[in-house]
Amino acid sequence: MKLGSFGVWVGRSLELSSYGPAAALAEQLGFGTLWLGSSPRLGSLRAMLESSERIVIATGIVNVWQYEPALLAREFAELEADHPGRVLVGIGIGHREATQEYERPLAKMRAFLDGVAAAPEPIPLQRMLLAALGPRMLELSAERTLGTHPYFTPPAHTRMARELLGAEALIAPEQAVVIHDADPEPARESAREYAAFYLRLSNYADNLRRLGYAQRDLADGGSDELVNQLVPQGSAASVAVAAAAHRDAGADHVCVQTVGTVGVPEREWRALAAALGLRVG
């Protein structure tokens, strides 16, 4: 699939009525992929697909605790029939803090992928990827899918993933940013609020510890240095440099999430597309 070098990521702040306009704008601005986050149902992608022509629409991510694999495969087949080659299914294990049944995540993911493969119309492995952080889940992503879609990770994680997985696996990290050209204080507050939420989740905190961050970096909503690395703030040009750092570290594709925006972030996306040198069409 042609994901392009850069995409954009949207989540709960985007209402269903805005899905179509968001996809049309992202495509027009030259982004290769639009990622729909917050554990979406696959049918939610239809409005985005119907309002655009070329852009890939991806899930970031389908939660394995909230889906039956055979149903996911059937819904993918329905979208593929109407919009061939444009759907990428990102799959993830979710968070221990949010799932009462959460246990043995690697075994759960293997079983889920086995269920998808056993469906009457299985999803091709080239049309799936896993939200992997740790080494074993990363290895599974390369073994059973196209690759990995890490979330809330610095470029150091991208570099580690590339060294572990080699040249063939797709690596498509998310990069959160706050774009501003005026008072930096509200931007810092938005970045810190976003980072503090994810630092309370054990899988993200454990991943950062594996990368060498100390407990003092993770405490009290994160150190200034850590927050600035995970959620860079500034002009579109400066955050574009931060997104490109993942590419320099080995990413094939980077999806950028504009933190602190509501609805379709047209101003931020336009500025970002210009800073990344995307071809508007």
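Quick look at the numbers
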{"quantity": "Where a residue in region 216-231 is more than 13 Å from A176 (Cα to Cα) and its partner, wherever it lies, is polar (S, T, N, Q) and part of a loop (DSSP other than H, G, I, E, B), with Cβ under 8 Å and at least six apart", "calculated": "R216/S223; D217/S223"}
{"quantity": "Conditions (1) in a helix (DSSP H, G or I); (2) among the hydrophobic types (A, V, I, L, M, F, W, C); (3) touching a Pro at 6+ places or on another chain (Cβ under 7 Å); number of the one not met by A191", "calculated": "(3)"}
{"quantity": "Residue in region 164-172 that is out of contact with any Gly (no Cβ under 8 Å at 6 or more places or on another chain), part of a strand (DSSP E or B) and crowded, with 20+ Cβ neighbours inside 10 Å present", "calculated": "no"}
{"quantity": "Which numbered condition A271 fails, given (1) out of contact with any Asp or Glu (no Cβ under 9 Å at 6 or more places or on another chain); (2) modelled with pLDDT of 95 or more; (3) among the hydrophobic types (A, V, I, L, M, F, W, C)", "calculated": "(1)"}
{"quantity": "Members of region 214-233 that are assigned to a loop (DSSP other than H, G, I, E, B) and buried (at least 20 other Cβ atoms within 10 Å of the Cβ)", "calculated": "G222, V231, P232"}
{"quantity": "Options L29, L42; residue that is touching a helix residue (DSSP H, G or I) at 6+ places or on another chain (Cβ under 6 Å), of a type outside the set (D, E, K, R), more than 18 Å from R144 (Cα to Cα) and in contact (Cβ under 8 Å) with a residue 60 or more places away in the chain", "calculated": "L29"}
{"quantity": "Any chance A195 is touching a residue at least 24 places away in the same chain (Cβ under 8 Å), within 30 Å of R270 (Cβ to Cβ), buried (at least 18 other Cβ atoms within 10 Å of the Cβ) and more than 18 Å from the chain's Cα centre (by Cα)", "calculated": "no"}
{"quantity": "Subset of region 191-237 (residues that are modelled with pLDDT under 95 and touching a strand residue (DSSP E or B) at 6+ places or on another chain (Cβ under 6 Å))", "calculated": "none"}
{"quantity": "Residue satisfying all of: in region 43-66; assigned to a helix (DSSP H, G or I) and touching a strand residue (DSSP E or B) at 6+ places or on another chain (Cβ under 7 Å); surrounded by the fewest Cβ atoms within 10 Å (Cβ to Cβ) among these", "calculated": "S44"}
{"quantity": "Residue in region 91-101 that is among the polar types (S, T, N, Q), outside any strand (DSSP E or B) and either touching a residue at least 60 places away in the same chain (Cβ under 8 Å) or surrounded by 15 or more Cβ atoms within 10 Å (Cβ to Cβ) (or both) present", "calculated": "yes"}
{"quantity": "When residues of region 106-154 are limited to those that are in a helix (DSSP H, G or I) and touching a Ser or Thr at 6+ places or on another chain (Cβ under 7 Å), the one farthest from G85 (Cα to Cα)", "calculated": "L138"}
{"quantity": "Any hit, region 28-38, residues being touching a Cys at 6+ places or on another chain (Cβ under 8 Å), crowded, with 19+ Cβ neighbours inside 10 Å and assigned to a strand (DSSP E or B)", "calculated": "yes"}
{"quantity": "Verdict on A131 being crowded, with 18+ Cβ neighbours inside 10 Å and touching a His at 6+ places or on another chain (Cβ under 6 Å)", "calculated": "yes"}
{"quantity": "Condition met for L25 (in a strand (DSSP E or B) and at pLDDT 95 or above)", "calculated": "no"}
{"quantity": "Test for S5: is it modelled with pLDDT under 95, surrounded by 16 or more Cβ atoms within 10 Å (Cβ to Cβ) and not charged (D, E, K, R)", "calculated": "no"}
{"quantity": "Pair list, Cβ < 9 Å and 6+ apart or interchain, from region 238-263 residues that are more than 27 Å from E163 (Cβ to Cβ) to residues that are of a type in the set (A, V, I, L, M) and part of a loop (DSSP other than H, G, I, E, B)", "calculated": "V259/V231; V262/L14; G263/L14"}
{"quantity": "Single unsatisfied condition, A251 versus (1) modelled with pLDDT of 95 or more; (2) part of a helix (DSSP H, G or I); (3) not basic (K, R)", "calculated": "(2)"}
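The values are calculated or read from the model by the stated rules, or taken from the named source; none is laboratory data. The structure presented is a predicted model; accordingly, all values stated were derived computationally and were not measured. Don't worry about glycine lacking a Cβ; one is built from the backbone with ideal geometry, like all the others, and counts go over all protein chains shown.
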